[in-house]
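Novice: Input: one structure, supplied below.
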């Protein structure tokens, strides 16, 4: 296998290219009309241009078109990244039918794990702990009421074929069940083409933990510890860390063993995550399985030193997983902050438009994954995440401080981002003492907690200092340099400081 097509865009496309080139593969990417000058295009060996109809779906959501171009270019493997077609079993099947290796698990497992009721049934058979709820899809609101009466309110309605918070509704009392059930059904049907809904007991203040696993096609499976993903807004993660301060090493081992056992039971291979929900009393329950690489995978890589995407590719090439559980050692702490072009002062409204200037932090302990640069355009066609800032520290306290310093060194001019919100999160009492839950944004966060400084002004100041520094370096003979109106010595001191 020599050629790999990355059927994705943005920072994840660049991330996959980096690992693919380590393995000596020729990398291909797709260039659409929506982002003709996107940054990820600069990193690939080959670009496949496509003329898109802007009134239709993006090319990344058109499996037949992607397979056609892959066949034309004699592609050996396709990596779907995350989102788009990454958990689409029909796309994985199309790859197989055309002799192309899909970098991920089998189409059957993608389909089974994608239907939450099937996944829960398989987890039950594997003796995984489950939140009390319906074993199958609920047909109507009246049946949902009957289940809710048995397990007690509050309950949560979930789309059986869903994810990302769509098709989810919390029901506190019987009187609102019918309205919420219809709303969840309609949203699930529109988003996934499947309106099936199941019901579970709603845990009021839980934590969300996910265990990273790797398995090969020869029956070998290991876990690489957990990630704490409890900091969420509308079920979308914002800040993640690894490991979690919420569990002991003994509980980590037990949960990791369960994750590995489940993966082996269902014959899983490739990278994946077993999602757990952790209740306030320390009880934990299987929630779902994600059959793809996760957005937050870098924090696991930072504390283990394992290149997860490289192993995804190697497993797809039928290599044996040479890592054993005893080889996985955890080194320090890592935190990831997602940089979304959203305005946290204004209900996180999405921001689109022109990035005039963007500057990321640098350092041996800092890792930045991004798909934008100066003069990039953020369009309304794709997700609002433009970057991830990942920081490694010797322990959690050290990592929090280093992450705050890294966020302070970020600046952008032209659009607002969630960076001020991330700073607020990391400085909050609940994050510092690790007591935060999935409800933190809903129950504790207010816009009054955000810093008052304006991002655009800070970016302008950073640009001014950068310009002044260049001027001082290259224009020492100019009349302005010698002018008394510019106190060069003071300016130099401030810049160096």
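The values are calculated or read from the model by the stated rules, or taken from the named source; none is laboratory data. Note that this is a predicted model, so its numbers are computed, not measured. Glycine also receives a Cβ, built like all others from the backbone with ideal geometry; neighbour counts cover every protein chain displayed.
Residues checked against (1) surrounded by fewer than 17 Cβ atoms within 10 Å (Cβ to Cβ); (2) under 17 Å from residue 203 (Cα atoms); (3) not assigned by TED's automatic domain parsing to the domain that holds residue 284:
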site: 137; (1), (2), (3): no, no, yes
site: 141; (1), (2), (3): no, no, yes
site: 146; (1), (2), (3): yes, no, yes
site: 150; (1), (2), (3): yes, yes, yes
site: 154; (1), (2), (3): yes, yes, yes
site: 158; (1), (2), (3): no, yes, yes
site: 168; (1), (2), (3): no, yes, yes
site: 171; (1), (2), (3): no, yes, yes
site: 175; (1), (2), (3): yes, no, yes
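Novice: Looking at 477, 408, can you tell me which residue is modelled with pLDDT of 95 or more, more than 15 Å from residue 344 (Cα to Cα) and out of contact with any helix residue (DSSP H, G or I) (no Cβ under 7 Å at 6 or more places or on another chain)?
Specialist: Working: 477 fails: modelled with pLDDT of 95 or more.
Answer to the check: 408.
Novice: Same structure again: With farther than 26 Å from residue 355 by Cα, within 24 Å of the chain's Cα centre (by Cα), surrounded by fewer than 19 Cβ atoms within 10 Å (Cβ to Cβ) and not assigned by TED's automatic domain parsing to the domain that holds residue 381 as the only criterion, which of 68, 21, 57 stands out?
Specialist: Details: 68 fails: within 24 Å of the chain's Cα centre (by Cα); 57 fails: farther than 26 Å from residue 355 by Cα.
Checking each option against the conditions leaves just 21.
Novice: Of all residues in region 238-252, count the ones that are assigned to a helix (DSSP H, G or I) and either crowded, with 20+ Cβ neighbours inside 10 Å or within 24 Å of the chain's Cα centre (by Cα) (or both).
Specialist: The first filter runs over region 238-252 and keeps only residues assigned to a helix (DSSP H, G or I), leaving 249-252.
Filter once more, keeping what is either crowded, with 20+ Cβ neighbours inside 10 Å or within 24 Å of the chain's Cα centre (by Cα) (or both): 252.
Total meeting the criteria: 1.
Novice: Shifting gears a bit: Here are some conditions: (1) in a loop (DSSP other than H, G, I, E, B); (2) in the same structural domain as residue 442 (by TED's automatic domain parsing); (3) in contact with a helix residue (DSSP H, G or I) (Cβ under 9 Å, 6 or more places away or on another chain); (4) at negative phi. Residue 219 meets all but one. Which one does it not meet?
Specialist: It fails just one condition, (4).
Novice: Could you list, in sequence order, all residues of region 255-272 that are under 21 Å from residue 332 (Cα atoms) and either touching a helix residue (DSSP H, G or I) at 6+ places or on another chain (Cβ under 9 Å) or without any contact (Cβ under 8 Å) to a residue 12 or more places away in the chain (or both)? Talk me through it step by step, then tell me what you get.
Specialist: Going through region 255-272, the residues under 21 Å from residue 332 (Cα atoms) turn out to be 255-256.
The one that is under 21 Å from residue 332 (Cα atoms) and either touching a helix residue (DSSP H, G or I) at 6+ places or on another chain (Cβ under 9 Å) or without any contact (Cβ under 8 Å) to a residue 12 or more places away in the chain (or both): 256.
Per-residue answers, yes or no, for (1) closer than 17 Å to residue 333 by Cβ; (2) in contact with a strand residue (DSSP E or B) (Cβ under 6 Å, 6 or more places away or on another chain):
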residue: 388; (1), (2): yes, yes
residue: 404; (1), (2): yes, no
residue: 408; (1), (2): no, no
residue: 411; (1), (2): no, yes
residue: 428; (1), (2): no, no
residue: 450; (1), (2): no, no
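Novice: In region 287-326, which residue that is assigned to a helix (DSSP H, G or I) and free of Cβ contacts under 8 Å to residues at least 40 places away in the same chain is nearest to the chain's Cα centre (by Cα)? Before the answer, list the steps.
Specialist: Step one: list which residues in region 287-326 are assigned to a helix (DSSP H, G or I), which gives 297-304, 308-316, 325-326.
Okay, now just the ones that are also free of Cβ contacts under 8 Å to residues at least 40 places away in the same chain, so 301, 326.
On the way: 301: 14, 326: 27 Å.
Selected residue: 301.
Novice: Out of all the residues in region 353-380, which are at negative phi, assigned to a loop (DSSP other than H, G, I, E, B) and over 18 Å from the mean Cα position of the chain (by Cα)? Steps first, please.
Specialist: Taking region 353-380 as the starting set, the residues that turn out to be at negative phi are 354-362, 364-374, 376-380.
Checking which are assigned to a loop (DSSP other than H, G, I, E, B) leaves us with 355-356, 360-362, 364-365, 371-374, 376, 379-380.
The answer is 355, 356, 360, 361, 362, 364, 365, 373, 374, 376, 379, 380.
Novice: With (1) under 30 Å from residue 253 (Cα atoms); (2) touching a strand residue (DSSP E or B) at 6+ places or on another chain (Cβ under 8 Å); (3) modelled with pLDDT of 90 or more as the list, and residue 185 as the residue in question, which single condition is left unmet?
Specialist: Checking residue 185 against (1) under 30 Å from residue 253 (Cα atoms); (2) touching a strand residue (DSSP E or B) at 6+ places or on another chain (Cβ under 8 Å); (3) modelled with pLDDT of 90 or more, the one that fails is (1).
Novice: So residue 280 clears everything in (1) out of contact with any helix residue (DSSP H, G or I) (no Cβ under 6 Å at 6 or more places or on another chain); (2) at pLDDT 95 or above; (3) not in a strand (DSSP E or B) except one condition, right? Which one?
Specialist: (2)
Novice: Suppose the filter is buried (at least 19 other Cβ atoms within 10 Å of the Cβ), more than 21 Å from residue 154 (Cα to Cα), out of contact with any strand residue (DSSP E or B) (no Cβ under 7 Å at 6 or more places or on another chain) and modelled with pLDDT of 95 or more; does residue 216 pass it? Give the steps one after another, and end with the answer.
Specialist: Details: buried (at least 19 other Cβ atoms within 10 Å of the Cβ): yes; more than 21 Å from residue 154 (Cα to Cα): yes; out of contact with any strand residue (DSSP E or B) (no Cβ under 7 Å at 6 or more places or on another chain): yes; modelled with pLDDT of 95 or more: yes.
For residue 216, the condition - buried (at least 19 other Cβ atoms within 10 Å of the Cβ), more than 21 Å from residue 154 (Cα to Cα), out of contact with any strand residue (DSSP E or B) (no Cβ under 7 Å at 6 or more places or on another chain) and modelled with pLDDT of 95 or more - is met.
Novice: Tell me whether region 329-352 contains one or more residues that are part of a strand (DSSP E or B), over 21 Å from the mean Cα position of the chain (by Cα), surrounded by fewer than 18 Cβ atoms within 10 Å (Cβ to Cβ) and touching a residue at least 60 places away in the same chain (Cβ under 8 Å). Please lay out each step first, then the result.
Specialist: As a first pass, look at region 329-352 and keep what is part of a strand (DSSP E or B): 333-340, 342-343, 349-350.
When the remaining residues are screened for being over 21 Å from the mean Cα position of the chain (by Cα), the result is none.
Within region 329-352, none of the residues are part of a strand (DSSP E or B), over 21 Å from the mean Cα position of the chain (by Cα), surrounded by fewer than 18 Cβ atoms within 10 Å (Cβ to Cβ) and touching a residue at least 60 places away in the same chain (Cβ under 8 Å).
Novice: Another one. Which residue, of 192, 181, is in contact (Cβ under 8 Å) with a residue 40 or more places away in the chain and over 30 Å from residue 390 (Cβ atoms)? Break it down stepwise before answering.
Specialist: Details: 192 fails: in contact (Cβ under 8 Å) with a residue 40 or more places away in the chain.
Criteria check complete, one pass: 181.
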